[in-house]
1. Answer with yes or no whether B:T917 is crowded, with 23+ Cβ neighbours inside 10 Å, within 14 Å of chain A (Cβ to nearest Cβ) and closer than 30 Å to B:P322 by Cβ.
2. Looking at A:A167, A:A189, can you tell me which residue is of a type in the set (G, A, S) and either closer than 17 Å to A:Y224 by Cα or within 14 Å of chain B (Cβ to nearest Cβ) (or both)?
3. Could you check how many residues of the stretch B:674-703 are closer than 26 Å to B:N645 by Cα and either in contact with a Ser or Thr (Cβ under 9 Å, 6 or more places away or on another chain) or surrounded by 15 or more Cβ atoms within 10 Å (Cβ to Cβ) (or both)?
4. Filter the stretch A:298-329 for residues that are in a loop (DSSP other than H, G, I, E, B) and facing chain B (nearest Cβ under 7 Å); which is surrounded by the fewest Cβ atoms within 10 Å (Cβ to Cβ)?
5. Would you mind listing the helices (runs of 4 or more DSSP H) fully within the stretch A:111-193 where at least 1 residues are over 24 Å from the mean Cα position of the chain (by Cα)?
6. Counting only residues that are surrounded by 21 or more Cβ atoms within 10 Å (Cβ to Cβ) and aliphatic (A, V, I, L, M), which one in the stretch B:1094-1115 is farthest from the other protein chains (Cβ to nearest Cβ)?
7. Can you find, within the stretch B:992-1025, the residue that is nearest to the other protein chains (Cβ to nearest Cβ) among those that are within 27 Å of A:A248 (Cβ to Cβ) and surrounded by fewer than 22 Cβ atoms within 10 Å (Cβ to Cβ)?
8. Which residue, of B:F67, B:F61, is modelled with pLDDT of 80 or more and surrounded by 13 or more Cβ atoms within 10 Å (Cβ to Cβ)?
Amino acid sequence: MVKEEQELANRPDNTAFTQQRLPAWQPMLSAGIVIPGFVLIGLAFIGIGVALFVTSRSIQVLEFDYTGVDQNSPCFKCSDPKVLNCVCNLNFSIDSLFKGTVFFYYGLSNYYQNFRKYGVSKDDVQLSGDLTNFKTPSDTCSPYAYDSNNQPIVPCGSIANSMFNDAFKLYQIINGTNTLVPFDGKGIAWWTDYNIKYRNPSITPLKNAFNNTVKPIFWSKPAYELDTSDPANNGFINQNFLVWMRRAALPNFRKLYGRINEGDYAQGLPAGNYSLEIAYNYPVLSFDGRKKVVFSNVSWMGGKNEFLGIAYLVIGSMCVFMSIVMLIVYAKFKFPEEDGVPGH
Amino acid sequence: MTWRSPLALVRDALRGQRAREKDLRNLASNLPYEGLERAKQPNCYFPGNAIKTTKYTLLLFIPMNLFEQFHRLANIYFVGLAILNFVPVVSAFQPEVALIPICVVLSLTALKDASEDFRRYQSDRKLNNTPCLIYSRKEQQFIKRHWKDVRVGDFVKVVCNEIVPADLLLLHTSDPSGVCHIETSNLDGEINLKQRKMMSGDPEFEPESFNSAVVCEKPNNNLNHFKCYVEKPNKEKVGAGIESLLLRGCTVRNTDHAVGFVVYAGHETKAMLNNKGPRYKRSKLERKLNTDVIFCVILLFTMCLIGALGHFLWLQALPGVPPYLVPDGNGHLDSPSLSGFYMFFTMIILLQILIPISLYVSIELVKIGQIFFITNDIDLHDEGTDSRVQCKALNITEDLGQIEYIFSDKTGTLTENKMVFRRCSIMGTEYAHKENAVVIPDRTLLQQISRAESSSSSRNIDPHLDFFLGLAICNTVVVSVATAQRQRVSAPFTATKNRTISEDSVEEEDHVKPPVKIEGSGETNKLHTCSLHAPSQCDKSAMTPDNLSYEAESPDEAALVYAAKAYGFTLLARTPDSVTVRLPSGEDLVFQVLDTLTFDYNRKRMSVLVRHPITKEYVLYTKGADHAIMELLATPYAGIGKQKNIAADTQYHLDGYAKEGLRTLCFTKKVVSDKAYESWSVNRQRALAAIDNREELVMDTAVQLETDLSLLGATGIEDRLQESVPETIMALREAGIQVWVLTGDKTETAVNIGYACRLLEEEDLVINMTESSGGFTCELSPSNLNEVRRFSEDPRNVDTTQNISLVIDGHTLTLALSSDLQKRFVDLAKRCRTVLCCRVTPLQKSRVVTVVREKLNVMTLAVGDGANDVSMIQAADVGIGISGQEGMQAVMASDFAISRFKHLKKLLLVHGHWCYTRLASMIIYFFYKNVAYVNLLFWHQFLCGFSGTAMIDYWLMIFFNLFFTSVPPIMFGIMDKDVSAEMLLGVPELYRTGQGTGEYTFKTFWISMLDAFYQSLVCFFIPYLAYQDSDIDVFTFGTPLNTISFFTILLHLSIEIKAWTVVHWVIMLGSVALYFIVTLAYSAICVTCNPPSNPYWILQRQMADPMFYLLCIITTVVALLPRYMFHVLRNSIAPSPLVKARHLDRLDPSTRDQCMKMWRSFRGIAQVKPSRLSTPPSPTLETPVDIHPHSPTTFDIMWDERHH
């Protein structure tokens, strides 16, 4: 026998692999087999759906459009782009406690931060504090790399240039006096952006690093004056700046402006009258955009979104329904091994 | 190297070119010029013997390989896109990064090419450095050099068992009779010894004294033809042909040494000119695939157009200039129409992977894998010859799964081609022999012979003796001494040497390796063979008939020689000039051979002209097919008045033989007068020396001599059916394949074999369209005609299935294939269950294949084993060669080579089916995968002003296609197994799923495209709705999309995978692991590496968020639910045969076999009407004998034939 094997040098190996006889699991997709799976998935989805829906329902949201398109709107006077340094007040009242921590967002509609050329228009190296790119910004920033006097613009590029510059102050009106509700502007940007990606040049004072550069054309003050009160929130690591630089994926978006988590308001906004003082600077009517402010609290699933809960509920019910359909199919059409007759 | 003027170099190059292109070459010996520089040598223009089969050189590899690869349109397309990306106004990605996919694809292919080329380089080097002996004038002897040193005009000495280094004109051999035995197995696989004659008769040959000029034709690749003459200084011309040429690659056997003059060297040798390498055919699936690629291109352009138009409209609708529109360097914006125009190109770049870039590479990889499994199948390995199935065409594996027509040769394909002498008829008397592998002489015939021998005078030889002399002489069988491994057709003398031993002892040597792979004792055996080279040199004691072995080019000849030997007429030796035959009386007769008129397909006969040693008469022995002989018989004359009766009797016997399925041959004798011989001989010499039209002239002289023959008798040789042929044919037929047999044999023989291998069934209606012996009218046998007529009048039988078989012969076929009748013939033939074509020439075989293939537009397969099948094999979509008894020419021309006909069953039914379903599913999946993924980007365009933004990091997109989702489909294409091999073999009907358009149709393509669109919609818009109005940023949005898409695409594949083995699990789970590891690592490393995208820490953050998982789960489920439900419902409500087979597969073997039987019988009854007209019904269907269908075309064509 051994000798024979040697003689047949060309004989293929008789292994399960080469002979394609590896043991295999052969799942059969047929009605009878998938019914239990469908029921289980359906029930699980309904469970998740209910949990999501309930959670989403518990989230409170308060939204105000302040673009000023409507003549009755408090900010109508500011909507004319010719009016400069316009301030308007938005008054509203809360009936019951707005549970905290309350997040305060500004929102823009019809604003395409995901536009391709817009997205390219920044210089990551410059924003990481590299001084050589202060003098010669990257080509990607063009035409916002140099001003008309050929001075380098820092921070360069269209994203930085178009930074949202409305400012908000919230007052609670208690007995006719305005009490400032403080916004906490720290920790609203990504930790990695604040600590790793964006760096100020290691020159003190910061202002010196910006010698021979100019501020972006649309900006009213240079980058090193974004927050003069706090050096940890100034320059490129200004949190509002970081939030803006992280481009929104969709044309209707909101961005975090601050959180209300200090003092009396740590537990939320108590019922009462409030006034939001808006420094109206950012023009949006030129592209038919809208501006809004949003108060919202968050849960483990983030902001309010009823869609996902509903989706889970619908799909879960569908699975259950389909398992019933399958049961009927199963009863009507059986398989060979189930009744022993091939075909039918 | 001395300096030479460039002008002289150009002049030399031109002169060399002219010398090589000339129709006749003048070669001279190199020896007088030895030591001179190369330019002064007479033969310097002809290439040396060093060969180079590599495609590339080390320095030029990159440009040459790139040039080669850019012949592929797809590659140009992708490079064009990558270049387009460098144009700033349209670029969608970082231009450098966009080059990566195409570079990876190109370099993968280049790597594959380079490794193949390196292997060729190594084998070239080994060959070039093989030692050989070249004569040197300085040393006055043959000295040891290498093959690469051999040049045209050299004298080379080859010793026994050495391989010939170049094409040599044989000038001298150690054999006194002037022959050199060679074995051409390296060239054509034939392992019988062949004789080559030396040119000059001078036994004392000295290279230095060779002063003639050798004039030969331009090199060509014909292994069987060579024309040349040697012109001596005195202007005397001596012609020489292939019989004096030792071809490069042959092995010298049984001859001590031989010396030859190099006429062709290196790449000009016939062996190299024949070496074409692997063949590239395009499979049907691939042709279809290309149309789908074009659909993809159209789809891509539509999508890009939508993008461009959308961008234009979006820009137009803007009331002012928003801050997010970036002007160009001069601060002004392009007009909306111009931007839209640019956007079109940006979109092309963005959506380019809609055309699957890696599809072609993947298909190639899949086919390598499929071929690996086919060649490794132990069931397709033949123990007798120790040979596996060989895949010569690398890219038509899936065509094996779509065959609709098989054209088979008979001899050697359906039969063993091991001939056994069964019957003979001598002078009108019939002698039968028992069925036995060894010829047992018939007693009456033996007595007849001994009586004849004692009575016959020297003047008048008894025809019985003449018959056996003819058997022994009229052939080209070479005698060698039997040894263990040189033996081919074993001598059936002793009881031990029966059929099985002869099978085992056939050692087929691999035609690539040098033939030294015999175990230890083999070497001594060979030496032994050598020392006993020529029979005339051996001492007489070695000449006992028992250790003789006959080396025949066709097994018929050997069978006849053995038969003659059984009756005491032993062929002892054959040299070009003489034949030695030992008579029953023990007397050795040496016949002088004056000429041999070799066999050709036009004459269908061969003759040997000898001079009888006793009577001194010139005798011409002729053997051939009966119809080729009968018309040449002499008119009856007074001397042998019985001649006509003999002819009639013999014909009667012949017909009887043919009905039994025996191969028939007629033997005749003719005594040529001295005068006639002399005049003919002059013509013959002239014809042989001619350079132009030599073949025709030689044939004409043969025809001149072969007239007025007198019939001696006829023989019937049995050719046994190969094992499992009927089963194989039944299975193939059940699989919906029509089997045609094309043979050169007589009609009766073919019909008989047809019944034996169940091509024809007893109850079939056989339409016989053969010429009757007299004229050219085609007749339908009256009984059949009546049946058809009766049947046609019966209105009940309109819908019944038909079992018509057609038998047609070469003559009628010529008429049927003429352009006016072609259509009707094909129409009739396609309604027939079987068509048998008899007495067809090789050309007709290929014509039939071509006509059926083109008129019916079906997939054809031709299988054959001999040189006469080559044209048919090449004409069919798939050509299969059977490496059998008749050499390797069929194998060389084939796409696949098998060793037994029965292997066809598993090759087609199992491997064909698997390869086809695997590849078809993989290709559909590939298209789906790319569309499903790219559409994510497309939907996003509606939300970003059609600006060409990608929300997925470009590197991750590249990884996605190159690493994360590329291996699973390849594995799927190589390893998926929808139904087990046992099931496919047990229920051949399953094969039908691949026939015709098969599974990969227009419909399946578009269904999967629609599914891709649906899935991408779900994968995009569920996350969109979930993240609507939130503060999500671009790439944080893209990451879950990428992940969801990844899971959807992989799970889609797992719905399609039918059998999960360990390999499947490892690769699928490995891909998931790879995705997360690579993406996490990339997100952790890349801080600002790939602007504008910003993958830094995104996946990490997402994976910390429960929403991410919830989103992934629901989206994947919704995306796959329809397909899953579709599969489930279809499998439950209307299961396809494949699904049912899969169900049976899950049962335990015994129950399964029972079910399989039930199924087959069940289907057989149920299938009254076949789904397609051309598919024959399952043979289990027993139709009553009297039910025969009417087909109008049957009549039409017959009517026409009858009135021709």
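1. So B:T917 fails the test.
2. It is A:A189.
3. Looking only at the stretch B:674-703, we keep the residues that are closer than 26 Å to B:N645 by Cα, and these are B:703.
Among the residues that remain, those that are also either in contact with a Ser or Thr (Cβ under 9 Å, 6 or more places away or on another chain) or surrounded by 15 or more Cβ atoms within 10 Å (Cβ to Cβ) (or both) are: none.
The qualifying residues number 0.
4. Let us first name the residues in the stretch A:298-329 that are in a loop (DSSP other than H, G, I, E, B), namely A:298, A:300-301, A:303-305.
Okay, now just the ones that are also facing chain B (nearest Cβ under 7 Å), so A:300-301, A:303, A:305.
Details: A:W300: 9, A:M301: 19, A:G303: 19, A:N305: 20.
Selected residue: A:W300.
5. Output list reads A:124-127, A:132-135.
6. Per the stated criteria, the residue is B:L1099.
7. Going through the qualifying residues, I end up with B:L1025.
8. B:F61
The values are calculated or read from the model by the stated rules, or taken from the named source; none is laboratory data. Here the structure is a predicted model, which is why all the values come from computation and not from measurement. Cβ atoms come from the backbone with ideal geometry, glycine included; neighbour counts cover every protein chain shown.
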